[in-house]
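> Provided herewith is a single structure, encoded as structure tokens, for subsequent inquiry.
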Amino acid sequence: MSMTPVNIGIVGIGNMGVAHVRHVLELPNTRLSAICDHRAQRLEDCEAPDDVARHSDFARMLDECQLDGVIIATPHYDHLPMSLAAFQRGIHVLVEKPIAVHVQDAQRMIDGWLAARQQHPDLVFAAMFMQRTWGYWRKIKAMLEGGELGALIRTSWIVTDWFRTQHYYDSGGWRATWQGEGGGVLMNQCPHNLDLYQWMVGLPARVQGFVSFGKHHRIEVEDEVTAYFEHDNGMVGHFITTTGESPGSNRLEIVGENGKLIYENGELAFFRNAWSSRKQIAEAQAGFERVPMTREIVDFDHHGTHGHEIVIKNFADAILRDERLIAPAREGLNSVALNNAIILSAHKGAPVELPLDGAEFVALLQQYIAQPPN
């Protein structure tokens, strides 16, 4: 087991990589040992101390630096080979979202980690789902796990505050392409929301997707999505997102037999039923009588940051002290599956069952790379 602090290497010194450099330098349980990027200018411009090794080749960084763990903040298709290379050397991995472009690659990453644990049983594999640390999402999850809503009926999330301009998409050649990024708003902006959805209420059994490609921008991937989810427990879900609305919304409604939770604009409200709506349906002696309810503002503690540093500290503490991970990377398979299922369903014009047929989605992805749908 590594001694504190954990020696970290970071690959991909773009927007997120630069932020991770700062966090690793500031945390007490991590030491920045190396950075890696194929662009020499990024390495030169990075404000890392002079004693931090700079590499343009990831494999050389792994072999030449005494690293305990790596943070992978590269374009999505690189996550698989880089993770496997680290696992083979017994190096712990924290990977940016999404963990992979499609479920087959995500499963290969998980399988590679499990295989490497035969030789390195303490090997840690984490994902950068830092929104799991946010106070309101944690409070909602705790209320659901505590059964305060009872049997769930509906979850609807309108998350259209991911506004992006054409300039944003033009700023990177890999952005908003099937070959470079593997998708659009679902792949880039919404992995956090898809992860939170399944983290709070579970994966659906069936997915129906309605997708527009390049509707608001000159791009080849999706920038507007509406999805319908059916869960085996009877709950239905709705997921609406786009990068083309300003002002956008971020409103989550979760309805159960005991009431309704609404999160919007920093406020969490609980519309608490006096008794179960299912009981009212079955036993009421009038046709229109609703359940009496009260509206309560729910308190929660939020740390007030993006939370990346919390996930990195947790990653290091998992290495040092076997602390439970906030976001195990194997759970990242679920948000990738939702992403893939929405796109595949929209293409087929029919619902898609989960678990997803990964090979069918890969074939569609190759088709979109060769001939974008718009």
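The values are calculated or read from the model by the stated rules, or taken from the named source; none is laboratory data. Values in this document were obtained by computation on a predicted structure and should not be read as measured data. Backbone-built Cβ (ideal geometry, glycine too); neighbour counts: all protein chains shown. Accessible surface areas use protein heavy atoms only, side chains included; no ligands, DNA or RNA. Shrake-Rupley method; radii C 1.70, N 1.55, O 1.52, S 1.80 Å.
> Tell me, what ³J(HN,Hα) does each residue in region 267-280 have, in order and in whole Hz, if you take phi through Karplus 6.51 cos²θ - 1.76 cosθ + 1.60 with θ = phi - 60° and put x for Gly and Pro?
Here the 3J(HN,Hα) series is 10, 10, 10, 10, 8, 8, 6, 5, 8, 5, 5, 5, 5, 5 Hz.
> So, one more: How large are Rg and Dmax for region 316-370 when calculated on the C-alpha trace, in angstrom?
16.0, 49
> Which of the GluC sites (Glu not before Pro) found in region 317-374 are loop residues per DSSP with 14 or fewer other Cβ atoms within 10 Å of their Cβ?
Answer by residue number: E323.
> May I pose another question? From zero up to wherever the largest Cα-Cα distance of region 217-289 sits, split into 5 Å bins and tell me the percent of pairs in each.
Pair shares across the bins are 3, 11, 15, 17, 17, 13, 9, 7, 4, 2, 1, 0.
> In addition: In Å, what is the Rg of the alpha-carbon atoms in region 131-280, and how long is Dmax?
In Å, with Rg to one decimal and Dmax whole: 16.9, 57.
> Right, here's the next one. Under the Karplus relation 6.51 cos²θ - 1.76 cosθ + 1.60, θ = phi - 60°, what is the ordered set of whole-Hz ³J(HN,Hα) values for region 129-144, x standing for Gly and Pro?
Ordered by residue, 3J(HN,Hα) equals 9, 6, 5, 5, 8, 6, x, 6, 5, 5, 5, 4, 4, 5, 5, 5 Hz.
> Kindly state, as a whole number, the per residue volume in cubic angstrom of the convex hull around the alpha carbon atoms of region 1-101.
92 Å³
> In debye, nearest 20, what is the charge dipole magnitude of the chain about its Cα centre with +1 on Lys and Arg Cβ and -1 on Asp and Glu Cβ, if you could check?
Computed charge dipole of the chain: roughly 560 debye.
> Moving on to the next point. Tabulate in residue order the Karplus-calculated ³J(HN,Hα) for region 351-358, using 6.51 cos²θ - 1.76 cosθ + 1.60 with θ = phi - 60°, rounded to whole Hz; enter x for Gly and Pro.
These are the phi-based 3J(HN,Hα) values: x, 10, 8, 10, x, 7, 7, x Hz.
> Right, something else. Given +1 on the Cβ of Lys and Arg, -1 on the Cβ of Asp and Glu, and no further charges, what dipole in debye does region 175-279 carry about its Cα centre, rounded to the nearest 20?
Dipole size: approximately 320 debye.
> Follow-up question, since we're still on this one. Average the reciprocal distances over every distinct pair of alpha-carbons in the chain, invert the result, and give the Kirkwood radius in Å.
Result for the chain, one decimal place: 21.9 Å.
> Given an 8 Å cut-off on Cα distances and at least 6 residues of separation, report the relative contact order of region 8-120 as a percent.
Contact order relative to length: 24 percent.
> Normalised by the residues of the chain, what does the relative contact order come to in percent, with Cα pairs under 8 Å and at least six apart?
In percent, rounded to a whole number, it is 20.
> Ranked by accessible surface with a 1.4 Å probe, highest first, in what order do W275, W113, W162 come?
So, going from the largest accessible area down, we get W275, W162, W113.
> Considering only C-alpha atoms, what is the centroid distance from region 135-152 to region 275-290, in Å?
Result: 24 Å between the Cα centres.
> With point charges of +1 on the Cβ of Lys and Arg and -1 on the Cβ of Asp and Glu, referenced to the Cα centre of region 1-155, which listed residue (G147, V70, L32) lies farthest in the positive direction of the dipole?
Farthest towards the positive end: G147.
> Turning to a different aspect of this structure: Take the chain, connect every pair of alpha-carbon atoms lying under 10 Å apart with a spring to form a Gaussian network, then pick out the residue of N193, N273, N233 with the largest mean-square fluctuation.
Highest fluctuation among the options: N233.
> Turning to a different aspect of this structure: Could you do me a favour and compute the accessible area per residue for region 172-319, 1.4 Å probe, result in Å²?
Each residue of region 172-319 exposes 45 Å² on average to a 1.4 Å probe.
> Which of Y136, Q41, F288 sits farthest toward the positive end of the charge dipole of the chain, with +1 on the Cβ of Lys and Arg and -1 on the Cβ of Asp and Glu?
Of the options given, the answer is F288.
> Please report, to one decimal in angstroms, the Kirkwood hydrodynamic radius of region 204-355 built from all distinct Cα-Cα pairs.
19.3 Å
> In region 324-361, what trypsin sites (Lys or Arg not before Pro) fall in a loop by DSSP, with at most 15 other Cβ atoms inside 10 Å?
Filter output for region 324-361: R324.
> Using amide H atoms built in the peptide plane, which far-off residues or other-chain residues are under 5 Å from I153 H to H?
When sequence neighbours closer than 5 places are left aside, the close amide H contacts are V255, G256, E257.
> While we're looking at this one, here's another question. Excluding ligands, DNA and RNA, what is the solvent-accessible area per residue of region 1-94 at a probe of 1.4 Å, expressed in Å²?
About 47 Å² of surface per residue is accessible.
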